[in-house]
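Report on the following structure.
The values are calculated or read from the model by the stated rules, or taken from the named source; none is laboratory data. Note that this is a predicted model, so its numbers are computed, not measured. Here the Cβ positions follow ideal geometry from the backbone for every residue, glycine too, while neighbour counts run over all protein chains shown.
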């Protein structure tokens, strides 16, 4: 990260600009919600895409992640892997078939049940 | 005997980082996992629910709080930038502004919570409100924690600027990294809880 006084001074305008962009994206998010899109999936997708864009702006500019040392990137890559695992946990809940009835393939359910 | 803690200002030769910088990033990594686990819980509850309430929360209050936190992120980065430019007066002004904005956020949250509890809608009322209070309560505690740290640097902690300006600037940078993370979490909480 370049943090000598001259380069910091040159970045001041960028900080205000990113702040403004974040506020504009917030307005867009609320506006999309007010429009009441016909598809819920579309509304969710748009809201999350905007949130991801806002999050990446905060991380890259305010937290200076666009220009950091490799140790920090290394720690964050491990975090991302862990985060992805956490986000896939809900999928495992749908794979759990313990206690559910699943008849053998090709056998009518009435036969499988012993009737 | 000199008992100074090493690498508070100068960078370590192996990592190229001051110890505090790596420390705060590792802390933030653990915070990602904490909030990640709760977001994952939210997905499980939401996908497993027969119906999910819409319009239970005040979108305008949520949007105003989003604007407040984004503005506080800008004032926080300006507080750090002004220290880098050796302008302690402006730094202090921006840090106080960040502290006040954080306070306004919590006051808004208090009104939201009071409205729910006034109607008997606590975390016990529904699955949605249970995860809502868990996520926003934990986030609110993080805001409170940030305010305590900021209050320290506005008050007694500011003395370090005269003694060791570089170390003080680093401490404000770490506070800023934490504060931006708290803002980042809210950026996702707002659409997930208030809009979807």
Subset tally (residues that are assigned to a helix (DSSP H, G or I) and either within 17 Å of residue B:61 (Cα to Cα) or more than 10 Å from chain B (Cβ to nearest Cβ) (or both)) for segment A:28-44: 10
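Rundown of residues vs (1) touching a helix residue (DSSP H, G or I) at 6+ places or on another chain (Cβ under 7 Å); (2) closer than 28 Å to residue B:68 by Cα; (3) part of a helix (DSSP H, G or I); (4) at pLDDT 85 or above, yes/no style:
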| site | (1), (2), (3), (4) |
| --- | --- |
| A:26 | yes, yes, yes, yes |
| A:72 | yes, no, yes, yes |
| A:77 | no, no, yes, yes |
| A:97 | no, no, no, no |
Which listed residue, of A:63, A:53, is at the interface with chain B (Cβ under 10 Å from one of its Cβ atoms) and under 30 Å from residue B:46 (Cα atoms): A:53
Residue in segment A:10-19 that is more than 9 Å from chain B (Cβ to nearest Cβ) and under 22 Å from the mean Cα position of the chain (by Cα) present: no
Residue B:106 over 30 Å from residue A:77 (Cα atoms) and part of a helix (DSSP H, G or I): yes
Some residue of segment B:116-134 being closer than 29 Å to residue B:96 by Cβ and at pLDDT 95 or above: no
Members of segment B:133-168 that are more than 22 Å from residue B:72 (Cβ to Cβ) and either in contact with a helix residue (DSSP H, G or I) (Cβ under 7 Å, 6 or more places away or on another chain) or part of a loop (DSSP other than H, G, I, E, B) (or both): B:134, B:160, B:164, B:167
Scope segment A:48-70; condition assigned to a helix (DSSP H, G or I), more than 14 Å from the chain's Cα centre (by Cα) and without any contact (Cβ under 8 Å) to a residue 12 or more places away in the chain; matching residues: A:60, A:65, A:66, A:70
Cβ pairs under 7 Å, 6+ apart, first in segment B:41-69 and at the interface with chain A (Cβ under 10 Å from one of its Cβ atoms), second surrounded by fewer than 13 Cβ atoms within 10 Å (Cβ to Cβ) and part of a helix (DSSP H, G or I): B:44/A:93
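Yes/no per residue for (1) assigned to a loop (DSSP other than H, G, I, E, B); (2) surrounded by fewer than 20 Cβ atoms within 10 Å (Cβ to Cβ):
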site	(1), (2)
B:40	no, yes
B:44	no, yes
B:51	yes, yes
B:54	yes, yes
B:62	no, no
B:71	no, yes
B:74	no, no
B:80	no, no
Residues located in segment B:13-34, provided they are more than 9 Å from chain A (Cβ to nearest Cβ) and either under 21 Å from residue A:63 (Cβ atoms) or part of a helix (DSSP H, G or I) (or both): B:18, B:19, B:20, B:23, B:24, B:27, B:31, B:34
